[in-house]
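Notes to accompany the following structure.
The values are calculated or read from the model by the stated rules, or taken from the named source; none is laboratory data. What you see is a predicted model, and the numbers here were worked out from it, not measured in a lab. A quick note on method: Cβ atoms are made from the backbone with ideal geometry, for glycine too, and the neighbour counts reach across all protein chains shown.
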Number of protein chains: 2
Amino acid sequence: MTTRIVELRQGILKKNDELARGLRERFAHAGVLVLNLVSSPGTGKTALLERTLRELQASGARAAALVGDLETDNDARRLAATGAPVRQINTHGICHLEAEMVGKHLDGFELAGLDYLFIENVGNLVCPSSYDLGEKIRVALLSVTEGEDKPLKYPTLFNSVDVAVITKIDLAEACAFDRATALKNINEIRPGIRVFETSAKTGAGMEEWLDYLCAQRRTAPSR
Amino acid sequence: MTTRIVELRQGILKKNDELARGLRERFAHAGVLVLNLVSSPGTGKTALLERTLRELQASGARAAALVGDLETDNDARRLAATGAPVRQINTHGICHLEAEMVGKHLDGFELAGLDYLFIENVGNLVCPSSYDLGEKIRVALLSVTEGEDKPLKYPTLFNSVDVAVITKIDLAEACAFDRATALKNINEIRPGIRVFETSAKTGAGMEEWLDYLCAQRRTAPSR
């Protein structure tokens, strides 16, 4: 039975990879920079995105978001208040987003009119690592309240990302957050990775994050 | 393909349920109260358990723990410092504990010599809900830093638990935690469930939690 499951799983992942490849070409052709945000539930993906969308729009950039949750459209409603185009993907029991879900929710989005598309994955530090969504950049978020050893406990996910964002740094002191250990652990799993330290509440670190997005957008393949 | 996957999944869950039934009988026969702790990564399962094990032992009770993580034995080492018997279960890529893993790690534990056995699940708000581990009580933990809407976003898990523990209440003010909304959301998914509000750091709420454990232990089936 294990062999059959492994084969089925490989079949699903292969199909996902094919769909993701198609999405990646589509995004590149449209000239939109796509990011896939992954973290535990409650790390603050939506809060970071909310502030990011507001600041990008204030600077004249065009940004949109797809947001994944098992249930509710709370996050989409929260993000839509920024004025950006936002769509909720409800997975109804599935613990991660898949390329097919992303593809289905792009209908009606004018991709060529966008500079950035953020995909907020389902809160989960395991399964999203296996599913390519066609993104150019995969981002792991880790909050100061979660414990510094998460990269070591979830190495597959942290090893699959391009950049890491430490969130809620306004709470660092209250949580006795050990910054040096957190950075060491991230670096152990993903040596040399760029790490941002942010607070969506106070705005700390947002400038570096937005500069990074802007630079990545500039080097994205153009139409 | 979907049909075959559903059948395979049902087969796996059925086998798990059978093994869990066997474990439940074994635990009841030994007179040990077994709890399964589920939450996001970083909610503070280990911190709550650390303090719980210390306080139970100080009161003369005999408590042990099994702790699940994809990788590392950090949590087992941390809990073993309490003096309690502790075993780490590494799932190596599997995002939840299964009854078979629990069964395999009981060898050498003298169950009849224990009052309490805590099983700390892998940090995940989705898949652990489907896997019975033979526990008497399933506990959902939710920290004040994670957002009050988690029960609504992960209803399957919250609907499967017997009791909820809100953790890190020492950070409630710093996080602008909305207690009334959190309690309302928990109650919407699992009406009338008992909710504890704790801080493993300050000890707040620990007395009510320990009283509850003691009362549950008293009413557990005796040998």
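Mind listing whichever residues of the range A:121-138 are in contact with a Pro (Cβ under 9 Å, 6 or more places away or on another chain) and small (Gly, Ala, Ser)? Listed by number, the list holds a single entry, A:Gly123. Within the set B:Val122, B:Val102, B:Val165, the sole residue that is in a strand (DSSP E or B) and either at pLDDT below 95 or among the β-branched types (Val, Ile, Thr) (or both) turns out to be B:Val165. Only one entry in B:Asp162, B:Asp170 is surrounded by fewer than 19 Cβ atoms within 10 Å (Cβ to Cβ), touching a Lys or Arg at 6+ places or on another chain (Cβ under 6 Å) and more than 14 Å from chain A (Cβ to nearest Cβ), namely B:Asp162.
A:Leu152 - would you say it is under 26 Å from A:Val32 (Cα atoms) and not in a loop (DSSP other than H, G, I, E, B)? The answer is no for A:Leu152.
Scanning for something among the charged types (D, E, K, R), closer than 21 Å to B:Asn90 by Cα and not in a loop (DSSP other than H, G, I, E, B), does the range A:129-140 turn up at least one residue? No, the range A:129-140 has no match at all.
Residues of the range B:182-195 that are of a type outside the set (S, T, N, Q) and either under 16 Å from B:Lys150 (Cα atoms) or part of a loop (DSSP other than H, G, I, E, B) (or both): B:Ala182, B:Leu183, B:Lys184, B:Ile186, B:Glu188, B:Ile189, B:Arg190, B:Pro191, B:Gly192, B:Ile193, B:Val195.
For the range A:194-214, does any single residue satisfy the condition of being without any contact (Cβ under 8 Å) to a residue 40 or more places away in the chain, surrounded by 14 or more Cβ atoms within 10 Å (Cβ to Cβ), farther than 23 Å from A:Glu55 by Cα and out of contact with any Pro (no Cβ under 6 Å at 6 or more places or on another chain)? No, the range A:194-214 contains no residue that is without any contact (Cβ under 8 Å) to a residue 40 or more places away in the chain, surrounded by 14 or more Cβ atoms within 10 Å (Cβ to Cβ), farther than 23 Å from A:Glu55 by Cα and out of contact with any Pro (no Cβ under 6 Å at 6 or more places or on another chain). Which members of the range A:30-58 meet the condition of being closer than 16 Å to B:Lys153 by Cβ and within 13 Å of chain B (Cβ to nearest Cβ)? Of everything in the range A:30-58, those that are closer than 16 Å to B:Lys153 by Cβ and within 13 Å of chain B (Cβ to nearest Cβ) turn out to be A:Val38, A:Ser39, A:Ser40, A:Pro41, A:Gly42, A:Thr43, A:Gly44, A:Lys45, A:Thr46, A:Ala47.
All of A:Gly134, A:Gly123 fail the test of being at positive phi and crowded, with 17+ Cβ neighbours inside 10 Å, apart from A:Gly134. Residues in the range A:75-93 that are touching a Gly at 6+ places or on another chain (Cβ under 9 Å) and within 12 Å of chain B (Cβ to nearest Cβ): A:Asp75, A:Gln88, A:Asn90, A:Thr91.
Counting only residues that are over 13 Å from the mean Cα position of the chain (by Cα) and in a strand (DSSP E or B), the range A:28-63 holds 1 of them. Screening the range B:124-159 for residues that are within 17 Å of the chain's Cα centre (by Cα) and of a type in the set (Asp, Glu) and picking the one that is farthest from the other protein chains (Cβ to nearest Cβ) gives B:Glu135. Report yes if some residue within the range A:115-123 is free of Cβ contacts under 8 Å to residues at least 40 places away in the same chain, more than 14 Å from chain B (Cβ to nearest Cβ) and touching a helix residue (DSSP H, G or I) at 6+ places or on another chain (Cβ under 6 Å); otherwise report no. Among the residues of the range A:115-123, not one is free of Cβ contacts under 8 Å to residues at least 40 places away in the same chain, more than 14 Å from chain B (Cβ to nearest Cβ) and touching a helix residue (DSSP H, G or I) at 6+ places or on another chain (Cβ under 6 Å), which makes the answer no.
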